[in-house]
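Worksheet: one structure, shown below.
We did not get these values from a lab; they are worked out from the coordinates using the rules stated. All values derive from a computational prediction rather than experimental measurement. All Cβ positions, glycine included, derive from the backbone under ideal geometry; neighbour counts span all protein chains shown.
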């Protein structure tokens, strides 16, 4: 009787797997035109603050996806209060690693530049069209598609990348030891769910958001939703108003649709930067 009414656990897993495979095959993160380009995609996220209701489903989804240590987070949602009584308002501001382009001269983010284990051996990136791009790896490194990633097997646990990040978006991972110095902890941060994106599946936080306030895609693809939003709201031209801490000069690739001026009311200080993502400082 129960089998007739519902689906078994094994059946549910099979369905989810089939859907994921179908999403990858259909290019859920790119158009046919983008797939034909030899150029690497440039992944960005657009966050519509107007839509965010602060349910933090994204935070929970990310926590489950990465099994981050107690007290450490790869994404958070900050509450931004402004105004004076009785005209007070509260906005919600999702935050994560900005996957920065780096300064205009070098194109290397400060977290990558300061890493003692960068640059390391050569890695190979293959574009959707099959073109191979070789680049340098490291304990933290920048991939040709703009993702800032970690290789904790090369990490010495020095924490310099944590200190160098202007946004405080990195933390020590107490569940993972540094590969080159097991007496120290490795690092955790948002990776744009690289393991999902490489299979054509959206990041976990984007997939889970009930209000679709997070949009992820290839800014190099003019037909992608992020490109259309960037054009409509002039997100890149107005980066001083649509990114967090633009004065740091790192060129963040997380853009906000912010008609509520939540970014203007949000103050990123040394103190709250430390509190937002880090479970501990070593």
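Per-residue ellipticity at 222 nm, computed for the chain from helices alone with -39500 (n - 2.57) per DSSP H run of at least four residues, works out to -6500 deg cm²/dmol.
Counting other C-beta atoms within 10 Å, which of 247, 81 has the fewest, and how do the rest follow? Write down the numbers at each step before the final one.
Numbers: 247 7, 81 11.
Placing the least packed residue first, the sequence is 247, 81.
With the simple spin-label model, which puts each label point 7 Å out from Cα in the Cβ direction, the residue 180 to residue 232 separation comes to 4.6 nm. The order of the peptides 113-122, 179-188, 212-221 by mean Cβ neighbours within 10 Å, most packed first, is 212-221, 179-188, 113-122. Measuring nothing but alpha carbons in the stretch 48-143 and taking Rh as the Kirkwood radius, the Rg to Rh ratio lands at 1.11. Cut-off 17 Å, label point 7 angstrom out along Cα-to-Cβ of residue 241: give me the residues of the stretch 31-55 whose amide nitrogen falls inside. Output list for this probe position: 47-50.
With each label modelled as a point 7 angstrom along the Cα→C-beta vector, the residue 50-residue 103 pair spans 3.7 nm. Run the Debye formula on the Cα coordinates of the stretch 199-266, all scatterers equal and no solvent, and tell me log10 I(q)/I(0) at q = 0.16, 0.23 1/Å. Normalising to I(0) and taking log10 leaves -0.61, -1.14. Computed from the alpha carbon positions, the gyration tensor of the chain leads to an equivalent ellipsoid with semi-axes of 27, 26, 23 Å, biggest first. Inter-label distance, residue 31 to residue 126: 2.5 nm, where each label sits 7 Å from its Cα along the C-beta direction.
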